[in-house]
Structures are given as C-alpha cells and as structure tokens.
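Novice: Please read through the structure below; I'll follow up with questions.
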C-alpha cells in the first residue's frame with residue numbers, strides 16, 4: 001500500500017495541499033484506492049467518505065489488485081462516450097478477468113497494456129491494464145515509425161506542409177472520374193526530396209503521386225516538368241508515407257508541385273477519392289452551443305482554417321486546376337458546410353538537407369539519365385536525380 005500512499009501524497013502536492021492533509025496510516029487498501037481516485041479529493045476525509053457512499057457503485061470502472069506494485073485494471077462495462085486518449089503498447093491474452101473491479105468484471109480474460117499521459121507517478125509507473133471488452137474504446141489509430149539506418153544518419157528533415165489545423169472531420173468524396181489534388185511548395189535550402197505523405201479516407205486505396213518541378217512563372221502544378229511518380233496501395237484509411245524510388249535534388253528556392261490521384265476499390269467498381277479535412281468554425285461552435293444550451297455542453301474553442309491562394313489545387317483532368325482557396329469557399333456555401341472551416345489539402349513532402357545526404361552516401365559518381373543526370377552511391381545503390389534546367 002506504500003505506492004498508493006505515495007500517489008495520494010503526490011496528488012496533494014500537485015494540488016498545493018499539505019502532504020499530511022490526510023491521515024493515511026490506518027486506511028485499508030480499498031480505502032486508499034477510493035481516496036486516490038475520488039472526485040471529492042481535497043475534502044476532509046469524513047466528508048469524502050459521505051460523498052462516496054452516495055455515489056453509484058456501477059460507475060466505478062477501475063479496480064486495484066496486488067500490493068506493491070499495485071495493478072491498475074480498467075474495464076468500462078457500459079457504453080459511454082470516451083473522453084481521453086491513451087497509447088496501447090502491448091497485450092496479454094491471459095490477463096485474468098478477476099483483476100478488474102469486483103461486481104463488474106469482463107466476460108473473459110485478456111487486456112491491453114496501456115501507457116497513460118499523466119506521468120510515472122500515476123498507475124503502475126504510468127501504465128495500466130485495459131480489458132479487451134472495454135465498452136468505451138473508440139477511434140483506434142496505429143502509428144508506424146521509420147527507424148531505418150539512413151534516417152538515423154540525418155540530423156533533421158524538413159516537412160513541407162500547409163495543413164496545420166486540427167482535423168476534427170475528415171471527408172473522402174468519391175467521384176466516377178479521376179480527381180487530382182496538389183500542393184505547391186518552395187524549398188528553403190538545398191535539399192533532397194525523399195518521400196511524400198497523403199491522407200486516405202477509404203480502405204483499399206491506391207495512391208499515385210506525381211512530382212513536378214515548377215518554374216517561377218508556372219501557375220499550376222502540371223505546367224511544371226514531371227520529375228517522376230510513385231504508387232502504393234494502402235489497406236486502411238489514414239495518413240501514409242510513400243517512399244520515392246530515388247531522391248530528387250532541389251536547389252534552394254525551387255518550386256515543386258506534389259500531386260496525387262487516389263483510386264478506391266468499391267463494390268461498384270473503381271472510384272476516385274478527394275480527401276480534405278475540416279473542423280467546426282466560429283459559427284459552428286455557436287450553433288452547437290445553441291442546440292445544446294440546456295445540456296451544459298458548451299464548446300469553448302473553434303477552429304479557423306487559413307488557405308492562401310497558390311498553395312493547394314484540385315483538378316478533374318490533371319491539366320486544368322482550381323485553387324483550393326477558392327473551391328473551399330464555394331464548398332462552405334452549400335448546406336451545413338457554413339458551420340465548417342476547411343484546411344489545406346493533406347499532402348506533405350519530406351526533405352533532407354543535401355549536405356547531410358552527401359555525408360551519408362557517396363554521390364560523387366554521376367550517370368546520364370533521361371532529362372538530366374543522377375548521382376549513384378556505389379555502396380548501396382542510393383540514387384539522387386538532378387533535373388536539367
């Protein structure tokens with residue numbers, strides 16, 4: 001029980017209270033656990049117990065077993081709206097159902113090992129167990145990190161992006177004919193473009209990326225010179241990176257257009273997807289609060305998307321382009337979209353400083369290729385293309 005007592009003292013500390021506010025020496029294990037998680041923490045102990053007695057037992061979702069360390073085991077046994085994001089780092093199919101709250105235990109063994117975001121003083125060094133059968137689980141996402149040897153040789157990379165707004169709503173609109181999305185960027189240093197990323201909104205989406213080198217006077221992406229393409233297929237919706245077959249050398253101040261075409265397999269055949277993100281704007285938050293005025297559910301924050309002309313484009317033929325700054329304003333004029341604010345298109349480019357790439361690879365050997373020349377590393381075959389001006 002020493003660990004629970006330490007956690008109670010820590011909670012007193014972060015609430016700027018005397019660590020001896022509660023007399024803990026005579027409290028039993030279950031009492032310590034109740035005190036630690038009580039919504040009435042900070043009240044005198046006699047008042048707190050009275051409040052806790054009036055609480056409905058069925059709303060206690062977390063149980064404690066063991067002594068040192070204490071096992072934190074969470075099971076939400078009724079459908080509720082989730083209100084916290086955590087990270088699943090492992091699992092155990094044999095974790096006993098008996099470790100969960102007595103009277104409300106899951107129907108079978110098995111639990112996720114979860115890392116919380118409240119520091120190591122909470123839970124078991126910051127972790128807890130979450131039943132496979134928890135009824136509040138929602139919005140599952142997975143992340144895959146690239147720890148390749150090449151990347152570990154680089155000090156940093158530059159991400160070309162415009163979509164900075166939190167994406168509360170991700171929309172994937174399917175069309176019968178091809179639809180292209182593009183972002184136009186300008187580089188700030190001599191760099192090598194190595195990969196791009198996109199957001200897909202449907203399962204089984206095939207993405208083809210087009211890399212254009214644009215001149216100063218080019219108004220739209222396809223006016224530039226096509227440097228290359230890359231294609232990949234993604235089983236699940238989400239944010240995905242496409243590694244290019246080789247790097248593309250870009251001088252400081254270069255303008256590049258990164259365009260994507262997304263094909264989606266459906267029961268009705270192949271469709272073409274345009275993905276964009278939106279959030280509730282100021283009008284949307286005001287309308288939400290008006291509709292829920294009597295429910296005490298006021299939203300305090302709203303988003304504001306900033307899309308500058310010349311950043312994002314859409315096209316239905318790959319040749320004639322519409323500026324997304326203009327198109328998104330037109331979109332807001334339709335139906336309930338007036339309550340939304342839109343972001344730039346979710347297409348990013350990943351650059352590495354040229355000097356770092358040259359330290360990681362021997363690029364002294366040059367060979368002629370169509371449209372320019374390429375530097376090829378004799379040790380690993382890594383290639384960087386440099387387009388002719």
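Novice: Looking only at segment 9-34, which residues are more than 16 Å from residue 101 (Cβ to Cβ) and either touching a strand residue (DSSP E or B) at 6+ places or on another chain (Cβ under 7 Å) or not assigned by TED's automatic domain parsing to the domain that holds residue 71 (or both)?
Specialist: If we filter segment 9-34 for residues that are more than 16 Å from residue 101 (Cβ to Cβ), which is where we start, we get 9-28.
The one that is more than 16 Å from residue 101 (Cβ to Cβ) and either touching a strand residue (DSSP E or B) at 6+ places or on another chain (Cβ under 7 Å) or not assigned by TED's automatic domain parsing to the domain that holds residue 71 (or both): 11.
Novice: What number of residues in segment 276-304 are closer than 30 Å to residue 314 by Cα and touching a strand residue (DSSP E or B) at 6+ places or on another chain (Cβ under 7 Å)?
Specialist: Looking only at that region, the number is 10.
Novice: Now, a different point. When you look at residue 19, is it surrounded by fewer than 17 Cβ atoms within 10 Å (Cβ to Cβ), assigned to a helix (DSSP H, G or I) and modelled with pLDDT under 85, yes or no? Please lay out each step first, then the result.
Specialist: Details: surrounded by fewer than 17 Cβ atoms within 10 Å (Cβ to Cβ): yes; assigned to a helix (DSSP H, G or I): no; modelled with pLDDT under 85: yes.
Taking the combined requirement at face value, the residue does not satisfy it.
For (1) in a helix (DSSP H, G or I); (2) surrounded by fewer than 19 Cβ atoms within 10 Å (Cβ to Cβ); (3) modelled with pLDDT under 90, each residue gets a yes or a no:
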position	(1), (2), (3)
336	yes, yes, yes
341	no, no, no
348	no, no, no
351	no, no, no
357	yes, no, yes
368	no, yes, yes
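Novice: Looking at segment 214-232, which of its residues are in contact with a strand residue (DSSP E or B) (Cβ under 6 Å, 6 or more places away or on another chain), touching a residue at least 40 places away in the same chain (Cβ under 8 Å) and under 20 Å from residue 324 (Cα atoms)?
Specialist: 214, 220, 221
Novice: Here's a follow-up. From 318, 305, grab the single residue that is assigned to a loop (DSSP other than H, G, I, E, B) and either crowded, with 18+ Cβ neighbours inside 10 Å or not assigned by TED's automatic domain parsing to the domain that holds residue 251 (or both).
Specialist: Working: 318 fails: either crowded, with 18+ Cβ neighbours inside 10 Å or not assigned by TED's automatic domain parsing to the domain that holds residue 251 (or both).
Every option except 305 fails the conditions.
The values are calculated or read from the model by the stated rules, or taken from the named source; none is laboratory data. In this text, all values refer to a predicted model and were calculated from it rather than measured experimentally. Cβ coordinates were reconstructed from backbone atoms using ideal geometry, including for glycine residues, and neighbour counts include every protein chain displayed.
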